[in-house]
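What follows draws every value from the coordinates through simple rules; no lab data is involved. Keep in mind the model is a prediction, meaning the values are calculated, not measured. No Cβ is skipped: glycine too gets one built from the backbone with ideal geometry, and neighbour counts run over all protein chains shown.
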Amino acid sequence: MVFKPANVMTFLFGLAFAGFALFWMIMASMAGGFFWMFGLIHFSVGIGISIGGLFWSAYRRRHSWYTLTNRRAFIATDLPLKGRSLHSYPITADTVLDLEEGALSTLHFAATLRRTKNGQRRVRLGFERIADGRAVYRMMRDIQRTERQEEKA
């Protein structure tokens with residue numbers, strides 16, 4: 001698991017959402033009846049947002065597999081509700097490689113656009129938190145070098 005500022009903010013927002021729903025349910029229960037139970041869905045959503053913000057990225061990585069060939073990089077996932085997916089990304093001489101080194105390195109080599117409420121945002125794709133990122137980075141550089149040599153020939 002990795003704690004980033006965005007994860008902490010999502011966690012706090014989810015707790016605030018759940019806290020307000022809990023307050024509302026307590027106040028509604030004082031009126032009697034079962035009206036307070038309408039707050040359960042909001043309470044559950046708040047807890048889901050807070051827990052999901054912390055654990056989703058780790059869960060997604062746990063159910064992902066990475067493969068590198070001499071031409072392409074593959075990312076396979078098997079997630080609930082989405083099912084299995086396999087995405088292929090060509091490694092060319094023009095592919096921009098970005099290595100974030102650490103105990104577990106992340107190597108970005110592609111990007112996609114995701115829709116947001118206010119338009120689109122660019123999301124970087126790659127092999128996340130891999131054990132020997134420097135070695136995989138060298139392999140990809142070798143693939144690019146080979147392609148450049150083939151273009152010259």
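The Cα trace of region 6-103 gives Rg and Dmax of 21.1, 69 Å, the first to one decimal, the second as a whole number.
Here's the list of aspartates and glutamates a cross-link from residue 152 could span, going by alpha-carbon distance under 18 Å and ignoring same-chain residues fewer than 8 apart: 94, 142. Taking 0.36 nm per residue of sequence separation and subtracting the Cα-Cα distance, how much length would be gained by fully extending the chain between residue 69 and residue 37, in nm to one decimal? Full-extension gain reported as 6.1 nm.
Working from label points 7 Å from Cα in the Cα-to-Cβ sense, the residue 9 to residue 135 distance is 3.7 nm. Stretching the chain fully between residue 112 and residue 23 yields a gain of 28.0 nm (0.36 nm per residue, less the alpha carbon separation).
Helix-only estimate, please: 222 nm mean residue ellipticity of the chain, summing -39500 (n - 2.57) across DSSP H runs of length 4 or more and dividing by its residues, to the nearest 500. Taken over the chain, the calculation gives -16000 deg cm²/dmol. With r as the distance between the Cβ atoms of residue 84 and residue 123 and R0 = 30 Å, compute the FRET efficiency 1/(1 + (r/R0)^6) and round to 0.05. The computed FRET efficiency comes out at 0.90.
Peptides 39-46, 105-112 ranked from most to least packed by the mean count of surrounding Cβ atoms within 10 Å: 105-112, 39-46. Descending by average beta-carbon neighbour count within 10 Å, the peptides 84-96, 23-35 line up as 84-96, 23-35, the highest first.
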